[in-house]
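Undergrad: Below are the structure tokens for one structure; questions will follow.
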Amino acid sequence: MNHTTFKNRNQQSSFGKLIDTLVIVAALSQTIIWMPQILKIFITKNVEGISFLSIIMIWITSVIWLTYGMYHKEKPLIISSSGVSACTTIILLSLVLYS
């Protein structure tokens, strides 16, 4: 497969650099999206309505994507998967603590 990665970004067009920037923003957004849920859990100490199975499945897939991203040195995957893994770990711990 021949694709442009972050490693040779200096050789990319302006459009390629824009796409790379948007991907990083999207990766960071994936983590930020979880913050309202985490804050609500910590403020209310209530995890009612949160599916343990869903959160554990999200955690497992994010760890798989993180492993893949680290293996292939893909910065956006590492950023997004690290954030999602951390957030879902917090929610899983909250499910154990507050259930």
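The values are calculated or read from the model by the stated rules, or taken from the named source; none is laboratory data. Keep in mind it's a predicted model, so treat the numbers as computed, not measured. Note: ideal-geometry Cβ built from the backbone for every residue, glycine included; neighbour counts use all protein chains shown.
Undergrad: How many of the residues making up the stretch 1-37 are at pLDDT below 65 and not in a helix (DSSP H, G or I)?
TA: Of the residues in the stretch 1-37, 5 are at pLDDT below 65 and not in a helix (DSSP H, G or I).
Undergrad: Here's a follow-up. Which residue is surrounded by the fewest Cβ atoms within 10 Å (Cβ to Cβ), if the candidates are limited to the stretch 38-51 and must be touching a residue at least 40 places away in the same chain (Cβ under 8 Å) and within 18 Å of Ser85 (Cβ to Cβ)?
TA: Ile38
Undergrad: If you don't mind, another one. If I ask for residues that are over 17 Å from Ser29 (Cα atoms) and among the β-branched types (Val, Ile, Thr), which ones from the stretch 59-87 would you list?
TA: Ile60, Thr61, Val63, Ile64, Thr67
Undergrad: On to the next question. What's the number of the only condition in (1) exposed (fewer than 14 other Cβ atoms within 10 Å of the Cβ); (2) among the basic types (Lys, Arg); (3) modelled with pLDDT under 95 that Lys75 fails to meet?
TA: Tallying (1) exposed (fewer than 14 other Cβ atoms within 10 Å of the Cβ); (2) among the basic types (Lys, Arg); (3) modelled with pLDDT under 95, Lys75 fails exactly one: (1).
Undergrad: Residues Ser54, Ser82: which one is without any contact (Cβ under 8 Å) to a residue 12 or more places away in the chain, in a helix (DSSP H, G or I) and not basic (Lys, Arg)?
TA: Just one listed residue meets the conditions, Ser54.
Undergrad: Does any residue of the stretch 20-37 turn out to be charged (D, E, K, R) and loosely packed, with under 14 Cβ neighbours inside 10 Å?
TA: No, every residue in the stretch 20-37 fails to be charged (D, E, K, R) and loosely packed, with under 14 Cβ neighbours inside 10 Å.
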